[in-house]
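The values are calculated or read from the model by the stated rules, or taken from the named source; none is laboratory data. Quick caveat: nothing in here was measured; it's all calculated off a predicted structure. For neighbour counting, all protein chains shown are included, and Cβ atoms are generated from backbone atoms with ideal geometry for every residue, glycine included. Note: areas computed on protein heavy atoms with side chains; ligands, DNA, RNA excluded. Shrake-Rupley method; radii C 1.70, N 1.55, O 1.52, S 1.80 Å.
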Amino acid sequence: MRVPDKLHFQLVFRRELPQAVVVREVKGVQFCVFDSLGACMANLALLRQALGQAGAIKAVLKVLRGRVFYLAHEQGRVLHTGWVTFSFCRFYRVEQGDAVIGPIWSAEAARGRGVAVYATQMILNVLFSKGVRVCFIDTSNGNVPCLKVIEHAGFGYPVGVFLRD
């Protein structure tokens, strides 16, 4: 049997939300949530910029099926995006009503400015306002920037791990 030199795995983080999260604002950065058809249509230009024409159509369909898309932008330039799924994860067990954040993405121009932490904290507050009390997020063991975002967003230590293919 041959064991790989370097195993790639995902670290799973869990955060309980007993109250809204204190958000550290990032000057000039705005936050948008796409959780309904109306929200998608109101900010369609941002959705297209973030995902392209075909991606925007797919995103609207996902939102109509219950997922949430969010982004942070500065003067219309998309800096960070993320998805939220409810009550389901194909890699680890979550309970009914729990939220799973991810995948997330940050533009090079956003890195080191706190934009990803800001957007993550903002979506946590949106989820809290919708009655969600437990959130999960995961990332690969080697994704140091994302691990820092997760830490600064208050998730604490990993609660699980699974091997990546």
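With the simple model of a label 7 Å out from the Cα in the direction of the Cβ, Gln30 to Arg90 spans 3.5 nm.
When only the Cβ of Lys, Arg, Asp and Glu is charged (+1, +1, -1, -1), the dipole of the chain relative to its Cα centre reaches about 200 debye.
Residues of segment 50-160: accessible area per residue at 1.4 Å, in Å²?
Computed with neighbouring chains in place, this is 49 Å² per residue.
For the options Gln53, Gln121, Gln75, a Gaussian network treatment of the chain with springs between C-alpha atoms closer than 10 Å singles out Gln75 as fluctuating the most.
Taking a span of 15 Å or more along the helix axis (Cα atoms) and a mean Kyte-Doolittle hydropathy of at least 0.5 as the rule, the DSSP H helices of the chain that qualify are 44-64, 115-129.
Pull out a ≥ b ≥ c, the square roots of the eigenvalues of the alpha-carbon gyration tensor of segment 1-145, then state rounded if a/c is under 1.5, prolate if not and a/b is larger than b/c, and oblate in the remaining case. Rounded, because the longest to shortest axis ratio a/c is under 1.5.
Springs join every pair of Cα atoms under 10 Å in this Gaussian network model of the chain, and among Val117, Val144, Val12 the largest mean-square fluctuation is at Val144. Each part reduced to its alpha carbon centroid, segment 118-160 and segment 25-93 end up 17 Å apart. Each residue, Glu151 and Leu7, gets one label point 7 Å from its Cα in the Cβ direction; the gap between the two is 2.2 nm.
Cβ-Cβ distance of Phe162 and Leu37, R₀ of 35 Å, FRET efficiency by 1/(1 + (r/R0)^6): the value works out to about 0.55. Shown for segment 13-165: the carbon plus sulfur share of the solvent-accessible area, taken with all protein chains present and a 1.4 angstrom probe, equals 54%.
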